[in-house]
Number of protein chains: 4
Amino acid sequence: MADFRKLKETAWACNMELDQRGVVLYTFGNASAADPSQGVFAIKPSGVPYADLEPQDMVVVDFTGQVVEGRLAPSSDTATHAVLYRSFEGIGGVVHTHSTYATAWAQAERAIPVLGTTHADFLPTEVPCTRVLDETAVRGDYETATGELIVERFRDLSPLQVPMVLVARHGPFAWGRTGPEAVYHGVMLEELARLAWLTMALEPGTGPLASWLVEKHFQRKHGPDAYYGQKK
Amino acid sequence: MADFRKLKETAWACNMELDQRGVVLYTFGNASAADPSQGVFAIKPSGVPYADLEPQDMVVVDFTGQVVEGRLAPSSDTATHAVLYRSFEGIGGVVHTHSTYATAWAQAERAIPVLGTTHADFLPTEVPCTRVLDETAVRGDYETATGELIVERFRDLSPLQVPMVLVARHGPFAWGRTGPEAVYHGVMLEELARLAWLTMALEPGTGPLASWLVEKHFQRKHGPDAYYGQKK
Amino acid sequence: MADFRKLKETAWACNMELDQRGVVLYTFGNASAADPSQGVFAIKPSGVPYADLEPQDMVVVDFTGQVVEGRLAPSSDTATHAVLYRSFEGIGGVVHTHSTYATAWAQAERAIPVLGTTHADFLPTEVPCTRVLDETAVRGDYETATGELIVERFRDLSPLQVPMVLVARHGPFAWGRTGPEAVYHGVMLEELARLAWLTMALEPGTGPLASWLVEKHFQRKHGPDAYYGQKK
Amino acid sequence: MADFRKLKETAWACNMELDQRGVVLYTFGNASAADPSQGVFAIKPSGVPYADLEPQDMVVVDFTGQVVEGRLAPSSDTATHAVLYRSFEGIGGVVHTHSTYATAWAQAERAIPVLGTTHADFLPTEVPCTRVLDETAVRGDYETATGELIVERFRDLSPLQVPMVLVARHGPFAWGRTGPEAVYHGVMLEELARLAWLTMALEPGTGPLASWLVEKHFQRKHGPDAYYGQKK
């Protein structure tokens, strides 16, 4: 029998960091961490306040969304996470937050433009925003449809280069190679949303960052000759 | 003789959570918790700072607003709470906060529109805003008139489905089946107000959320086939 | 020889509360507490960080601004405090903060209108804003001129009814019957400024609160038949 | 062999204060402290979270940007710091933050105007904003070019009088006679940016502060007859 203790601890720590970073409120939001070699991920149980969470409360689910281990019901957004793990090769963590500024952009159905180098340090494009899900999809398997909506939006985008999205009228999702990286991207998305909100309020006509600055900042952190951080 | 110790402790804990959640300042705001079987509620005393409150300071009042037990004067808004307990069947808690964004919407005399799924997770309509109380009512029994003004606004609304309101030019009130649920709704009202404020500032023409998304999100948490949270 | 220990402790506690309430930054701002019977007040020394302040660091000054006791130089705004103590009968505390929203209104040279009942709970008029001090006054005894500018603005206002002001392009001052009441007014001024800022951003045409609501809220806290708080 | 322990401790304390003051997030931002007599400065290592920093992790670098001592790679912005130390006589500390409001002004490519006396307490001019760096410079030695861009902007400005700048589309840099003074200026820059943002949102037409008030406030803190603070 598989031992999911470490995976559940990672997922638990990711959920706790969402709470500590102030991007969730009450039982809102959820983080999961995957073990792609076993084809499973551990996710927050549904509707449990962060203060009450214990590592053993995490629910282990396979990539079709079926519960493998756990005594609680998994997050109501589990099917969305499952679609992302199935579709985005190389990711090992997903988070859904209700962070305020990112949700405001999502409610306005607007992508977050690249307005400065802080944004380009993380991704070389705007933070994309999906279309609004249509009535048929919402009345069907809603959470799976939400995942597919994100995948549709990424038809021409690389999920490892652009590790975040706004679901129109709903809110932000982010992912990463690991659970902690997904949390990091979820927290940074809120900061990019806030910076862009403040910039557009100050100067509504602000256009996008010059292409050479986008490229420079993205490459110095993520390119083959990246020189930010410590050599590993 | 009735023993109100437990009721007073609940009311006290509700008031303390208002303070911890940052939706009140100094002596502002108040929470009450009711025991409908005894026809009483316990409420914060008037003008006492939260840091000084003790459970035994709570004042027990009947649904006509008469003090049943307590050595301090009850909140100056007690008559408003009493009207709500008399009029809204099934509620067991009421809170009045001075939370900043909700108060801004109330000062602008504007209902908070349903702009996203976070809002629809809580209520299927806008957060209604009352009209401004007229001069005669204000000069009469003002706090009772405030309660009646809220009841008037709910003539065609279900108070259990829509557990919150803005009193025009004054501020937010919220309620719930219990005291803690009322606090939860009061805190979430502030978050909905903030999200909507940021969305309208970013995109003033944002229209309401599609009806199917409103229905889906409200029903998955509150409908007969709700699947959010843990089975009880 | 007079013993100012208690007065200095009160002034020190007032300054520390400014810091705890988040209305000052680094060495900015200052609070003083007066003993009108002795014609003196104790005030923060100039340019000392709040974290380093001790009660014995407070400087005792008479109402002409002359140091009576203390080894440090008093706040550079001491002469402004002195003018207010000389001119506003019945006040026993003065604070000057650099709180953000109140300073923004002052920088915009705009009075804060009465937009809701929270404001009317504290004062029955707008928070007045002075004119900008002219060149001659600024080049002369600047801090005394700042006090006189405030007094000029209060020619037709009662300082005990309207315990706060914005000095145009500079920032907020508040006062009260005691030092702690002055701090309370200074903190509330920031909250009123923030509420009004958010309201005007949401609905730029918001007009003033109906006169009957202004009167009702001000009188229920401050009138001869006030019924807010506990009987004393 | 030189002993850089004290210099590294100063630089470490400066970096930790950036974190405590909330002007950086995760590994963003960096502070350095210089010893001009030895022609070196100590700076944060690249990409290390603030929570993990120890004084001995600081990297000592000479004014050409060559590492003198340290086992970690220095901040990717090291060359920018080096240009400033070479070019701005009398400075002993440099900080680069990602503080939110200052970054919003930088992203909007707008200088922060002098709107009130709080600003004039720190500098007698607007906070200047550079032009956007052109493609050739970005593709070359980018961080050195960023430093030269700042120096170019200061052709007619005194870096000791105006100890802060916005790099267009990037973010704020600040400096001072010492490391701690640089941190102080970096934190205040965020507050000035926030005050100006709130003022312009409230009253878009707000013009600059009258020249006599600029002069008075700057001189009372920084002029030959300065009377703010304690005599030294």
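The values are calculated or read from the model by the stated rules, or taken from the named source; none is laboratory data. Bear in mind that the values here come from a model prediction, so they are computed numbers and not experimental data. Please note: Cβ atoms are built from the backbone with ideal geometry, for glycine as well, and neighbour counts cover all protein chains shown. The area values use the complete protein model at the heavy-atom level, side chains included, leaving out ligands, DNA and RNA. Shrake-Rupley method; radii C 1.70, N 1.55, O 1.52, S 1.80 Å.
Here are the numbers:
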quantity: With all protein chains modelled, accessible area of B:ARG21 [1.4 Å, Å²]; calculated: 100 Å²
quantity: Relative contact order %, chain C, counting alpha carbon pairs below 8 Å whose residues are six or more apart; calculated: 21 percent
quantity: Under 10 Å, Cβ to Cβ, from B:GLN107 - net charge with Lys/Arg +1 and Asp/Glu -1; calculated: 0
quantity: Global geometry of the protein assembly as shown, whether rounded, prolate or oblate, following the gyration tensor of its Cα atoms and the 1.5 cut on a/c; calculated: oblate
quantity: Mean Kyte hydropathy of 0.0 or more with a Cα span along the axis of at least 18 Å, helices from DSSP in chain C; calculated: C:179-202
quantity: Antiparallel content of DSSP bridges confined to chain C, in %, to 5; calculated: 95 percent
quantity: Position A:ALA137, label points 7 Å along Cα→Cβ, spacing to each other copy in nm (shortest first, one decimal); calculated: 4.5, 4.5, 6.3
quantity: With every protein chain in place, the protein assembly as shown: carbon and sulfur % of accessible area (1.4 Å); calculated: 49 percent
quantity: Per the axis that maps chain A onto chain D, nearest residue of A (Cβ criterion) and its distance in Å; calculated: A:ALA201, 5
quantity: Residue-averaged [θ]222 nm for chain D, counting only DSSP H segments that reach four residues, each worth -39500 (n - 2.57); calculated: -12000 deg cm²/dmol
quantity: Accessible area expressed per residue, the protein assembly as shown, with surrounding protein chains retained (probe 1.4 Å, Å²); calculated: 38 Å²
quantity: Inter-part distance where region A:171-226 and region A:19-96 are each reduced to a Cα centre, Å; calculated: 24 Å
quantity: Among B:TYR101, B:VAL59, B:ALA120 the positive-end extreme of the charge dipole of region B:55-121 (Cβ point charges); calculated: B:TYR101
quantity: Positive minus negative residues near D:GLU54 (Lys, Arg vs Asp, Glu; Cβ under 14 Å); calculated: 0
quantity: Table column - 3J(HN,Hα) (Hz), region C:33-50, Karplus curve with 6.51, -1.76, 1.60, x for Gly and Pro; calculated: 10, 10, 10, x, 5, 9, x, 9, 9, 9, 9, 4, x, 6, x, 9, x, 4
quantity: Copies compared at D:GLN38 - label distances in nm, ascending, label defined 7 Å from Cα in the Cβ direction; calculated: 5.1, 5.1, 7.3
quantity: Shortest-first distances to equivalent copies, position A:GLY205, nm, label 7 Å out along Cβ; calculated: 1.9, 1.9, 2.7
quantity: Backbone HN-Hα couplings from phi across region C:57-74 [Karplus 6.51/-1.76/1.60, Hz, Gly and Pro as x]; calculated: 7, 4, 10, 9, 9, 8, 6, 9, x, 7, 5, 9, 7, x, 9, 10, 6, x
quantity: Unit charges on C-beta of K, R, D, E only; dipole of chain A, Debye; calculated: 460 debye
quantity: Most mobile listed residue (B:PRO204, B:PRO36, B:PRO163) in chain B, GNM with C-alpha springs under 10 Å; calculated: B:PRO204
quantity: Those lysines that a straight Cα-Cα span of less than 20 Å connects to B:LYS8, excepting residues fewer than 8 apart in one chain; calculated: B:LYS44
quantity: Among A:ALA193, A:ALA82, A:ALA201, residue whose mean-square fluctuation peaks in a GNM of chain A (springs only between Cα atoms under 10 Å); calculated: A:ALA201
